[in-house]
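Values quoted throughout were computed directly from the atomic coordinates according to the rules given, and no laboratory measurement underlies them. Just so you know, these numbers come straight off a predicted model, no measurement behind them. Neighbour counts are summed over all protein chains in view; Cβ atoms, including those assigned to glycine, are modelled from backbone coordinates with ideal geometry.
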């Protein structure tokens with residue numbers, strides 16, 4: 001009887017021990033992945049990581065000697081404060097060194113988490129930051145200083161393309177750039193003073209050029225005005241000369257017509273009154289001319305035998 005009881009007690013203890021062992025072992029054999037993580041199998045005893053399979057959100061049976069090495073599945077934020085860049089000099093300014101704040105987000109490519117771990121492991125963040133700095137500095141040398149204020153969207157797009165291209169260069173970072181923004185631009189006092197002096201000099205040069213252009217335009221205008229005045233005077237003189245010639249020709253033609261009409265009328269008159277001799281014709285013409293003079297009063301009465309016409313001044 002005691003032997004039987006001993007066996008029962010032993011069996012109960014074994015079952016209880018097995019139950020306790022399973023109770024402890026089972027929770028240790030399950031591993032969990034949250035929605036914001038990716039996971040790779042890692043053996044606890046050796047630290048070896050299996051990069052062949054990438055786990056996403058869920059609960060998995062891995063065994064008590066395994067766990068998940070997790071990588072972020074959501075967007076990661078990178079702030080780069082006061083990145084020193086050198087701008088392109090361009091046509092109207094010299095190159096300047098100043099500071100730019102960069103804000104961006106990126107995400108790890110799910111199917112490439114294993115490759116990311118094999119190549120970079122947990123140091124990928126520092127590599128991303130280093131490559132981002134290099135890409136921005138190399139791209140900035142092709143952008144003029146004024147573009148950072150006048151064409152900010154264009155500058156952001158160029159920086160974004162440069163960063164993504166640098167990330168994709170071998171060895172790749174296995175991440176994708178999402179948001180990218182240029183923050184505050186800090187200009188050192190010495191740089192601001194230098195830029196201001198350059199802008200003032202540009203304005204002075206533009207002012208001098210404007211004054212020279214204005215002086216040249218005034219001279220051109222004066223020449224054009226003088227030319228127009230000369231042309232006007234010449235046109236007026238030509239017009240007056242032509243008008244005088246036309247008037248003179250008209251007067252001459254008028255006198256010619258009048259004289260012709262007078263001669264014809266006198267001839268017809270003399271013929272009608274029967275004056276035919278040369279002396280009588282001359283006497284008639286003389287008397288008519290005297291009548292046409294305004295400062296003489298001509299009175300003709302019966303002529304004496306001498307046929308003398310007497311006149312008196314009016």
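Just to confirm my numbers, what's the Cα centroid distance between the stretch 178-245 and the stretch 38-53 in Å?
The stretch 178-245 and the stretch 38-53 have Cα centres spaced 75 Å from each other.
With a cut-off of 8 Å between alpha carbons and a minimum separation of six or more residues, what is the relative contact order of the stretch 76-187 in percent?
Computed over the stretch 76-187, the figure is 40 percent.
Starting with the highest mean, order 272-281, 127-136, 186-195 by the number of other Cβ atoms within 10 Å, averaged over the residues of each peptide.
With the highest mean Cβ count within 10 Å placed first, the list reads 127-136, 186-195, 272-281.
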